[in-house]
Structure formats: structure tokens, C-alpha cells
Amino acid sequence: MLSNIEIANIRQEYTLKQFDETHLLSNPMEQFQSWFKEAIDANVNEPNAFTLSTVKYDGKPAARIVLLKGITPNGFVFFTNYDSNKGKQITANPFASMVFFWPELQRQIRIEGAIAKNSEKDSDAYFLSRPFESQLGAHASPQSQPLKSRQELEDRFIEMEKLFKTEPILRPRHWGGYIIQPQTIEFWQGRASRLHDRFLFSIDAENNWKYCRLAP
């Protein structure tokens, strides 16, 4: 077992890049797109994976990794089961935060905002674009519900597989998209001596973006 000293001594010096006002785009959505493209070009492992945090009924936070599936002028899109724990938490408290971490670029992006269901049309279109096995999985899995065994899940999948050999497969009503409409977006670039570069964008009452530099 690792000692606390060994764990505490795990550290990396961040010297890969710098990020200052001369690099910063005035629109944070455009800045996100720019960094996201750099992450793809750098072959970052799953650059669209992010931590999604919601709030449970008792006020405690809940977090998990999900995949970004779209960027619009209004926000960031992902898809899930509406009856899952996160779906229920979003219904009760429609605000969320998301964090992208790209260690290959020594970068992090933090986003906070309101969250709402995506349009049924967009959810239908994305569902029909998925591989058939993923479509079956959306029908077969009662996400976040207890299972007696792995076999129960596999049996449900086989049942759906048989059903949709004869029936057209459509998006289940309990499955679809959410869009996170950002109210703040922070860009973090790791720097040497832990003197990281941080810029926080916030949207004002006139729906304009303002930014400031934050201390690391």
C-alpha cells in the first residue's frame, strides 16, 4: 500500500504552454472550440469526456464522467437516460457544472450553468445516428436501478435484440439530450511553480461575456 508521503510526492511540473491575454478570444465559446480542436489534434484520449456534477436531493454533490456530443451557440450537449440518478437530480435542480481535463496539454476547462432537455427532434436524430448495439443498450438498461446480476442485464439486451428484429427501433421516451447553457467558463493552463494561468468568463445582465484573470 502506498504511504501518504508517496502519494503527496506525486507531482508534475507544468511547462508545456503559456496562456495570456494575447491568446485569449473574446467569446469563450469560440475559445472552447479552439482548445477543443487542439485537444483533438494532439490526440488527447477521449477529448470529449468531461466530469458532470449535479446536486442530489439532500444537497450533496454527485459527479460522473459523460461524453460531450455537441456544441451550439447556446451551450454543450450530452445524452443520457432521463430516469437515471443524474436525470432525476437535474429535474429537481436544473443547474450543473462540467470539467474537461486534458493532461496531454496541461489544460482544464470549468463550466457552470443552467441545464435543460434538448429538443425531441435533436434527440431523435442523435439516437438514430448511434450504432445499433448502443440503441439496444438504451432500451435494455434501466440506468441507475439495482440489478440482481449481470445476467439480468444481458437477458434484457437479448430481449430487445429479438424485439427490434421485427419492429422499427425508435428512441425510448426516457432517453435523450440535455444542453448546459453556460453562465461561467474558466480556462486553466498549467504553468511552472504552480503559477497557472486562469481566465474566468462570466455573462452579465445584458448577455455579454466579461472576463478577468484569476490567481492560481
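The values are calculated or read from the model by the stated rules, or taken from the named source; none is laboratory data. Source: prediction; values computed, not measured. Every residue, glycine among them, receives a Cβ derived from its backbone with ideal geometry; neighbour counts consider all protein chains shown.
Per-structure values
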item	result
The lone exception for Val44 - which of (1) surrounded by 10 or more Cβ atoms within 10 Å (Cβ to Cβ); (2) out of contact with any Leu (no Cβ under 7 Å at 6 or more places or on another chain) it fails	(2)
Candidate set from region 132-185 (those that are farther than 30 Å from Gly75 by Cα and of a type in the set (Val, Ile, Thr)); member that is modelled with the lowest pLDDT	Thr166
Residue ID - surrounded by the most Cβ atoms within 10 Å (Cβ to Cβ), chosen from residues in region 196-209 that are more than 18 Å from Pro73 (Cβ to Cβ), out of contact with any Gly (no Cβ under 9 Å at 6 or more places or on another chain) and modelled with pLDDT of 95 or more	Phe199
Every residue from region 123-150 that is aliphatic (A, V, I, L, M) and either in contact (Cβ under 8 Å) with a residue 12 or more places away in the chain or closer than 17 Å to Gly87 by Cα (or both)	Leu128, Leu136, Ala138, Ala140
Single residue of region 13-41 satisfying the filter (without any contact (Cβ under 8 Å) to a residue 12 or more places away in the chain and within 23 Å of Arg194 (Cβ to Cβ)) that is surrounded by the most Cβ atoms within 10 Å (Cβ to Cβ)	His23
Residues within region 129-139 that are over 21 Å from the mean Cα position of the chain (by Cα) and surrounded by fewer than 19 Cβ atoms within 10 Å (Cβ to Cβ), tallied	2
Qualifying residue in region 181-195 (condition: loosely packed, with under 15 Cβ neighbours inside 10 Å and among the aliphatic types (A, V, I, L, M))	yes
Qualifying residue in region 163-183 (condition: assigned to a helix (DSSP H, G or I) and farther than 20 Å from Pro28 by Cβ)	yes
Per-region count, region 47-68, residues crowded, with 18+ Cβ neighbours inside 10 Å and either more than 11 Å from the chain's Cα centre (by Cα) or of a type in the set (Lys, Arg) (or both)	1
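Here's the yes/no breakdown for (1) assigned to a helix (DSSP H, G or I); (2) over 21 Å from Arg213 (Cβ atoms); (3) in contact with a Gly (Cβ under 7 Å, 6 or more places away or on another chain); (4) not β-branched (Val, Ile, Thr):
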{"residue": "Ile7", "(1), (2), (3), (4)": "yes, yes, no, no"}
{"residue": "Gln18", "(1), (2), (3), (4)": "no, no, no, yes"}
{"residue": "Gln31", "(1), (2), (3), (4)": "yes, no, no, yes"}
{"residue": "Asn45", "(1), (2), (3), (4)": "no, yes, no, yes"}
{"residue": "Ala62", "(1), (2), (3), (4)": "no, yes, no, yes"}
{"residue": "Ile65", "(1), (2), (3), (4)": "no, yes, no, no"}
